[in-house]
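Here the structure is laid out as structure tokens; the discussion comes afterwards.
Bear in mind these aren't lab numbers, they're just calculated from the coordinates by the rules spelled out. All values reported here derive from a predicted model rather than from experimental measurement. Note: ideal-geometry Cβ built from the backbone for every residue, glycine included; neighbour counts use all protein chains shown.
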Amino acid sequence: MINYILGGLIAAFTIYIIVRQIKKLKAGQCSCGHDCPGCAGQCGTEKKE
Amino acid sequence: MSYTFALAGNPNCGKTTMFNEITGSTQYVGNWPGVTVEKKEGRARRFKEEIKVVDLPGIYSLSPYTMEEIIARDYILDEKPDVVINIVDASNIERNLYLTTQLVELGVPVVVALNMMDVVTTRGDQINLKKLSELLGVPVVPASASKGQGIHDVMQKALVVAQTAATVEVEVPKLRFDAKMEKCLDEVQNLIAAYADRHHYHKRWVALKLLEEDQEIKKKLDLPANVEKDIQNCIAQLENEFDNDTETIIADGRYQYIADVVAEAVKKKNTGSTLTVSDKIDKIVTNRIFAIPIFLLMMWMVFRVTFGAVGSWTIDFVDGLVNDTIAGALSSGLEAAGAAEWLHALVIDGIIGGVGSILVFVPQIMILFFFMALLEDSGYMARAAFIMDRALRKLGLTGKSFIPMLMGFGCSAPAVMATRTLENEKDRKLTIILTPFMSCGARMPIYLLFGAAFFAQNQSTMIFSIYILGIVVAIISGIILKKTLFKGEAAPFVMELPPYRIPTLKGLFIHMWDRGKAFLIKAGTVIFSAAVIIWFCQTFSFTLQMVEDPADSILGVIGHAIAPIFAPLGFGDWRSAVAIFTGLVAKEVVVATLGILHGLGEVAEDSMELHTALQTYFTPLKAYAFMAFTLLYFPCIAAFGAMKRELNSWKWTLFAVGYQTGIAWIVAFLIYNVGRLFGLT
């Protein structure tokens, strides 16, 4: 049972992250919320509104 | 009711600090000009009102010379915020008031926030706020954003002005030019009144812009030929009488007015010396001979502390925590729960091995960012750009390129975006191509892993040399490309050196934490997913059968296929080839891949096991060539996306990444083969 639950969760999370990253790259938007694609906040900034 | 407040001011006058204080944001603040390239928005609730706050890029004037000036001006003109809060650096009031005069001319409601009043008080200078307000014709509120002082008063005054401006006509600016100029201004105002009204622009400001021959405004108004001809006659008449161009005549008028205002409202303490503390420090650190050695020494010291005893201790601690405590607990937990072998391998080898191999370096990365923030916030990094400008200009490059490059030490993607500040298209393209050569934070785990495995005695010096290698390759590439593809004069670079400031501990920790947090988030998302996929590809074959030997896996097949490309560089093993391949996604993945391929979570009690595994197919020379290659080749998907967006051309983007990868191959080839000629291993 644990194999299905944990394995499924890991697979679902992985797919979710991949889809989210592709969407962000397509939209030209960074994970930190800026208009730059994909630095995931390593620019040292955070967008909070 | 909701209001919109726009923050406008000179570069490095403390706008973003004020923005953060008002909105509670943690937007990046740097003690150098040009941090805010695009406008940023935030929200605040003050005095029971909903307020949208817009942080505009730093500008010196409202003339459309640069991208930042166009963004700021268009926003104020077209979006019509309820109030423009003009942040004025009180310690440098003469220069800052130039923008103030232009904002007041626009006829929009303005509140002057006289920032950095603490510096004025420390210097012993005095500013008569009431007098200043009278002379400028707008409210003036003292503040010290970095200390959180005066923000409440600024917001309160801005709200009052916003509410009043909605019902009362904004006061006519106090600035008056020479009588002949005023006469011409009146004439032009009459000519364009209808056109200005159509756009809801202030007539006097439009007239001034037309006399200055502002092409943007001309285009927007779309004036008929006869009106344009009459304006040209006015311009010719003025230029004839003053023996100068109208733009200079108007600027002179503004400066004369500012000089009068300052003479009446500001009383400076006579210190007997014309040199400030910043000037005295600059005499040493920007000295023609000592500047570059001092810069290199500073950076080397930062690396020495980061990768010395302090850094090693943190690595040992996190290593034990991740690879021993957490991996051990998870392994026992999975076994107790009856997890299948594949799930156990996925969690321990894949996720812990991949993500854990990155996490061990987070503390060291945070320490490095702490020191970088210290250099930035103190004002030294702005000097670094100035020093590099002097060196770069001799080579035909512009020093303005160095600012995006400095940002590139954090992350290439926003650094590529920061090239928007470069007006010259050729310089901009060139800078986009060169910026990824600066070693971003994501590459750090690679250097830390290989540094510890092969250069334990002089790790900090070797990693420092990799950073310097990036700068040197960028300069040499710059010279080559400037002489071939991007011929032309380097655009002049004017940069204001901010005064040295003692950074606040809070500010330094915010910078450090922001970047450290970003690493953790990336490890928990992108690196996590990459680790799962890499584990899958190294466990299964193309026929989706589990394999005994990873060499027969999907990754193994890919690795063996591309390994010959890297054989001349010294690292022709399929595992290093695969790490380079997966590193295209993000540079941290190079380390995560090696961690997974060597079963870090499973076999290693700490990352020493990974070091030993790497030593079976790397030598110090090969390791250094590998570090150089990973520094210089294709940056990552995110930076690639940013480059495509900024270059707006597939041809140039593919050329850029092709050039970077080609250079990486050549440099690594030279390191390995020249090293062997000298008997190095």
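Counting other Cβ atoms within 10 Å as a rough exposure proxy, the listed residues B:E21, B:E49 run B:E49, B:E21 from fewest neighbours to most. Each 10 Å bin, from zero up to the one with the longest distance, holds this percent of the alpha carbon pairs of the stretch B:357-498: 12, 39, 32, 15, 2.
Across the stretch B:445-573, the relative contact order, built from alpha-carbon pairs under 8 Å that are at least six residues apart, equals 9 percent.
Computed from the Cβ-Cβ distance with R0 of 22 Å, the FRET efficiency linking A:Y4 to B:Q545 stands at 0.60. Here the protein assembly as shown is treated as a Stokes sphere of Kirkwood radius computed over C-alpha pairs; at 20 °C and 1.002 mPa s its diffusion coefficient rounds to 76 µm²/s. Can you give the local net charge around B:T504? Use residues other than it whose beta-carbon is closer than 11 angstrom to its beta-carbon, Lys and Arg +1, Asp and Glu -1. Taking every other residue near B:T504 into account, the sum is +2.
Using the rule -39500 (n - 2.57) for each DSSP H run of four or more residues, divided by the residues of chain B, the 222 nm mean residue ellipticity is -18500 deg cm²/dmol. When you restrict to C-alpha pairs under 8 Å that are six or more residues apart and normalise by the size of chain B, the relative contact order lands at 12 percent.
The mean sequence separation of alpha-carbon pairs under 8 Å and at least six residues apart, normalised by the residue count of the stretch B:2-165, gives a relative contact order of 24 percent. The distance linking the stretch B:623-681 with the stretch B:353-413 is 19 Å (Cα centroid to Cα centroid, whole angstrom). Go ahead and run the numbers for FRET between B:Q237 and B:E216, Cβ-Cβ distance against an R0 of 22 Å, rounding to 0.05. After rounding, the FRET efficiency stands at 0.40. Restricting the count to DSSP beta bridges whose residues both fall in chain B, what percent are antiparallel, rounded to a multiple of 5? Antiparallel bridges: around 35 percent, rounded to the nearest 5. From least to most packed, judged by other beta carbons within 10 angstrom and beginning with the fewest, B:C234, B:C184, B:C440, B:C411 follow the order B:C234, B:C184, B:C440, B:C411. Stretched out straight at 0.36 nm per residue, the stretch from B:K506 to B:E49 would grow longer than its current Cα-Cα span by 161.6 nm. Using R0 = 25 Å, the C-beta based FRET efficiency linking B:I476 and B:A456 works out to 0.25. Panel order for B:M181, B:M643, by other beta carbons found within 10 Å of each beta carbon, from fewest to most: B:M181, B:M643. Given chain B, what whole percent of its Cα pairs are spread farther than 43 Å? Pairs farther apart than 43 Å: 35 percent.
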